[in-house]
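The values are calculated or read from the model by the stated rules, or taken from the named source; none is laboratory data. These numbers were taken from a predicted model, which means no experiment stands behind them. Please note: Cβ atoms are built from the backbone with ideal geometry, for glycine as well, and neighbour counts cover all protein chains shown. Each accessible area value is taken on the protein alone, full model and side chains, heavy atoms only, with ligands, DNA and RNA left out. Shrake-Rupley method; radii C 1.70, N 1.55, O 1.52, S 1.80 Å.
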Amino acid sequence: MGKNKISVYIMGKEHRVPEGLTIMKALEYAGYRLIRGCGCRAGFCGACATIYRKKGDYKLYTALACQTTAENGMYLTQLPFIPANKSEYDLEKIRAGPNTILSIYPEVARCVACNTCTKACPQDIQVMDYIQAVKRGDITRAADLSFNCLQCGLCTARCPAEIKQYHVAQLARRLHGRYLAIKSEPLSKRISELEEGCFENEIDEMIELKPEDLRKRYFEREIKVSE
Amino acid sequence: MDMKFIDGYPEYMRQSIKKVEATREKRISLDMEPMSAEEREEVLSTYHPDYVKGGKRSLKVGASKGEMVHHETANILEARPQVNPDEIDLGCINRDVDILIIGGGGAGTVAALHAVYEGILPEDILITTKLRHGDANSMMAQGGIQAADGLDDDPSIHFLDAIGGGHFANKPDLVKALVMDAPRIIDWHQRLGVMYEREDDGHFVERPGGGTSRPRLHSAKDYTGMEIMRVIRDEARNLGLEVEEFSPAVELLTDGDTVTGAILMDLETREYSIIRAKSVILTTGGFGRLHIQGYPTTNHYGATADGLVLAYHVGARITDMDSAQYHPTGAAYPEPILGQLITEKVRGMGAMPVNIDGEAFVYPLEPRDVESASFIRECKTRGKGIETPTGMLGVWLDSPMIEEIHGPGTIKKELIAMWRMEHQFGIDMSQDPILVYPTLHYQNGGVEIDVDGWTGVPGLYAGGEVAGGVHGKNRLMGNSLLDYNVFGRRSGISAARHAKKASPGKITFDHVIRFNSLLDEAGIDTERRSPMLLPDYRGERAIARALNISI
Ligand SMILES: Cc1cc2nc3c(=O)[nH]c(=O)nc-3n(C[C@H](O)[C@H](O)[C@H](O)COP(=O)(O)OP(=O)(O)OC[C@H]3O[C@@H](n4cnc5c(N)ncnc54)[C@H](O)[C@@H]3O)c2cc1C
Ligand code: SF4
Ligand code: SF4
Ligand code: FES
């Protein structure tokens, strides 16, 4: 990391920070003790949605503060809370039909295909495409396309049609996982075995073993890990 | 100091990468053996940070007086409680609930859902959490979750792996609960709609992890934790469970002996609120942000071991807090991602640790402590580490091997979170190896619990990373997502059963007064206050310091 300093503008005020820090660390370097806008610090939780503009540029950009390097001349503001409403549903009472999601989130039909959401997404997700897939009733495609969504809400904040893309996508994935994925047979078999009381004795027997015998059993156990 | 960079790496590091490339083909067919028991012991005792002399001290107060813990842990346990009993009026109760759940990560959410299944109304449950619901280690897990449901596997084999991996210090009945409940947990997730990776016939894709003798890890790309957490959070929202965000618990309340509620503090307004509850569940997660021995950490911002402190104040015992888990593969370069996790799945899929000369030096899937210790040996003693421009050391993790073994494009498909993280900072891990070094990852021990998640203090339950005993001195990968589900569920059920019988208790600060006098008696004169709530990274502290670990 360089010794050079750059200027960032935090909600309009200039601060000098070392080059090479993430936006999040730049805020901290400038003296902010973060409460909002900081969760995992590693690109998994979506707490650190940020809007910025660059000097001499009129566009508003979006990013995750913990996953983006601060650049000279950035005007930064945190967007840690998006008050988007989520519909409530009982997954057991609905089915994965072509109109299921539309009946729960009817506003999806209003998508004007402007692609603003896709441009806003810091995870590079084809947000518009998954919304279009929902419109067509293709739940599996919407589930797959949206999989990397960390629910930061930036797409929703920018959508002219008031669509809550990330809540819509959550429903698509749960419908896919619950109804469209083929269930695991070995798992059902294992669960019936457990219900019959299998494995209890084997484990209890190990618990009773003398420490040295248990160690021996462990170090001599067969290792079969090749895929 | 102008350095020339080529695809993210300075030129001088490229010379070592050339050597890694030169040996790659040979290494792919290399059959390495795990260490023997003696070799493991030797490398651990000489190189693992937990064995470094002077890193720990024995506790002078409380129910686990005499236990060895790291100084950083002792500092928060031997500190004055945050709240001053004289300044708070307990006469005005802000809220009365059946169950108060402290910590809105995985364990807390699972506990709440199971308390509802057990018959408690959602409106009689309150989850309170420090940041947002789901801003938690649970969201960050990448690799996967263990469950012995495979054809060539069963819970007794899982039991043996877990107990051996934990150096036989685990509480056997807790391990039994862990492995026996595992298949049912996966089935519950299946019904909630978690998208685990599957083969075409619906079988789960199962992978090996460090210390497992069978492939047993279920995963959802390398966003496994995020996928589970966002599903259970969605379910909690559907059931109308209320979550009070940015409101950490700063102290429990008791009637003297029984836990009867907690005091929350609004992080922004600094206002207190008083919650009375018939049962309280601690699900506050781990201690990574204490930066034990100065290590960087993989943990989320709020991982400051608050629950451990709260439980200790009311007289709960702690166990195995002398051992911390350092994940062998934390990012060592570039600086913005220092300490962040490179999931074990990367090694599970074939990437090998390699030194500066391109040589393999350790079996890639040793248990984490052994693997970490051998990385430290390679760097600190054998001098075969690679130094970064900011003076950090690391070894290569030869990620392009994954593409060689499983075909081009595999990394972007199955390790997309990793690929994105490296790519954001200029490195393409499908083409080049990545630099790694151990990072503080997991609190192996914690508050002592029984198989029902009961802490031994009436009214107080715990589950997940805050609790101890399940993993002994070392947790295996994939066993803690499982842990938070198994013991989140068990503590939720137990708390619900207790709440049905209990009536609202008296709320007092008697235990705080008692704890303060214990500190006085032990002659601990300190300005320290705990729980810590959040670390402070302002100013220069925003920048990671080079580690100076002596062996
Ligand atoms: C980067 C990373 C990768 C991992 N990968 C894996 C993996 O592949 N497989 C695996 O099995 N495990 C993995 N783990 C470990 C696993 O994710 C955690 O151990 C587990 O999720 C812990 O769950 P939890 O609910 O106990 O704690 P958390 O999920 O951390 O939740 C604790 C919650 O309590 C809140 N809290 C803390 N203090 C207070 C307070 N005073 N008042 C109120 N709320 C409070 C926190 O803010 C947080 O929301 C990983 C961990 C990390 C950090
Ligand atoms: S899809 Fe929307 S909510 Fe999800 S990561 Fe992208 S911008 Fe954020
Ligand atoms: S921003 Fe809204 S309207 Fe525009 S493409 Fe995305 S979902 Fe459709
Ligand atoms: S803090 Fe979690 S994504 Fe940035």
- Note on the structure: Buried accessible surface, A vs B, both sides, probe 1.4 Å, in Å² to 100, equals 7900
- Query: About its Cα centre, what dipole magnitude does segment A:106-227 give when the only charges are +1 on Lys and Arg Cβ and -1 on Asp and Glu Cβ, stated in debye to the nearest 20?
  - Reply: 1040
- Task: Let me know the shape class of segment A:1-47, please: from the alpha-carbon gyration tensor, a ≥ b ≥ c as square roots of the eigenvalues, rounded when a/c is under 1.5, otherwise prolate if a/b is greater than b/c, or oblate.
- Result: oblate
- Note on the structure: Heavy-atom accessible area per residue of chain B, all protein chains kept, 1.4 Å probe, expressed in Å², is 32
- For segment B:32-191, rounded, prolate or oblate, judged on the Cα gyration tensor with a ≥ b ≥ c (square roots of eigenvalues), a/c < 1.5 rounded, else prolate if a/b > b/c? oblate
- Query: Out of A:G12, A:G73, A:G137, any idea which swings most in a Gaussian network model of chain A, alpha carbons joined below 10 Å?
  - Reply: A:G12
- Please report, in debye to the nearest 20, how large the charge dipole of segment B:22-70 is about its Cα centre when each Lys and Arg carries +1 at its beta carbon and each Asp and Glu carries -1 there. 480
- Pairwise centroid distance, computed over Cα atoms, of segment B:503-540 with segment B:382-402, Å: 42
- Query: What number, in percent, do you get for the relative contact order of segment B:393-473 if the mean sequence gap of Cα pairs under 8 Å and at least 6 apart is divided by its residue count?
  - Reply: 27
- Can you tell me the relative contact order of chain B? Whole percent, Cα pairs under 8 Å, sequence separation 6 or more. 25
- Task: Work out the charge dipole of chain B with +1 on the Cβ of Lys and Arg and -1 on the Cβ of Asp and Glu about the Cα centre, then indicate which of B:Y47, B:P408, B:H327 is farthest towards its positive end.
- Result: B:Y47
- the protein assembly as shown: Cys lacking any partner C-beta under 4.7 angstrom: A:C38, A:C48, A:C66, A:C111, A:C114, A:C121, A:C149, A:C152, A:C159, A:C198, B:C92, B:C379
- Note on the structure: Excluding residues fewer than 8 positions from A:K59 in its own chain, the lysines with Cα under 21 Å of it are A:K13, A:K119
- Note on the structure: Once the dipole of segment B:429-513 is set up from charges on Cβ (+1 Lys and Arg, -1 Asp and Glu), the residue from the list B:V457, B:Q431, B:G472 lying farthest towards its positive end is B:V457
- Message: Compute the angle between helix A:127-136 and the longest alpha-carbon principal axis of chain A, please, reported from 0 to 90 degrees and rounded to the nearest 10.
- Response: 60
- Of the convex hull enclosing the alpha-carbon atoms of chain B, the direction-averaged projected area in nm² is 24.6
- Query: What's the angle, to the nearest 10 degrees (0 to 90), between helix A:165-175's Cα axis and the longest principal axis of chain A?
  - Reply: 10
- Task: Relative to the compact-globule scaling 2.2 N^0.38 Å, provide the ratio for the alpha-carbon radius of gyration of segment A:63-117.
- Result: 1.78
- Task: Quickly work out the B:L90-to-A:K93 label distance, labels modelled 7 Å from Cα along the C-beta direction, and quote it in nm with one decimal.
- Result: 4.2
- Note on the structure: For the table A:K55/B:K412; B:K56/B:K176; B:K53/B:K380; B:K4/B:K380; A:K54/B:K413, the rows whose alpha-carbon distance is greater than 23 Å are A:K55/B:K412; B:K56/B:K176; B:K4/B:K380; A:K54/B:K413
- Taking only Cα atoms and a 10 Å spring cutoff, compute GNM fluctuations for chain A and point out the largest among A:E205, A:E28, A:E92. A:E205
- Note on the structure: The convex hull of the Cα atoms of chain A, divided by residue count, gives a volume in Å³ per residue of 228
- Which percent of the accessible heavy-atom area of segment B:57-115 goes to carbon and sulfur, probe 1.4 angstrom? 43
- segment B:310-445: relative contact order in percent, alpha carbon pairs under 8 Å with at least 6 residues between: 37
- Query: What is the distance in Å between the Cα centres of segment A:1-30 and segment B:8-72?
  - Reply: 34
- So how much slack lies between A:A109 and A:L209, counting 0.36 nm per residue of separation and subtracting their Cα-Cα distance, in nm? 29.6 nm
- For A:K25, which aspartates and glutamates qualify as cross-link partners when the Cα separation must be under 19 Å and same-chain residues fewer than eight apart are set aside? A:E14, A:E71, B:D135, B:E335, B:E422, B:D536, B:E540
- Note on the structure: Contact-by-burial set, segment B:395-431, min loss 50 Å², accessible area of protein heavy atoms with 1.4 Å probe, reference chain alone, gives B:R420, B:F425
- Note on the structure: DSSP beta bridges in the protein assembly as shown: the antiparallel percent, rounded to 5, is 70
- Query: Taking the alpha-carbon centroid of each part, what is the distance from segment A:51-119 to segment A:148-196 in angstrom?
  - Reply: 18
- Item | Charge dipole (debye, nearest 20) of the protein assembly as shown; +1 at Cβ of Lys and Arg, -1 at Cβ of Asp and Glu | 2360
- Query: Along the charge dipole of segment B:167-288, which of B:V205, B:V250, B:V231 sits closest to the positive end, that is, farthest toward it, with unit charges on the beta carbon of Lys, Arg, Asp and Glu (+1, +1, -1, -1)?
  - Reply: B:V205
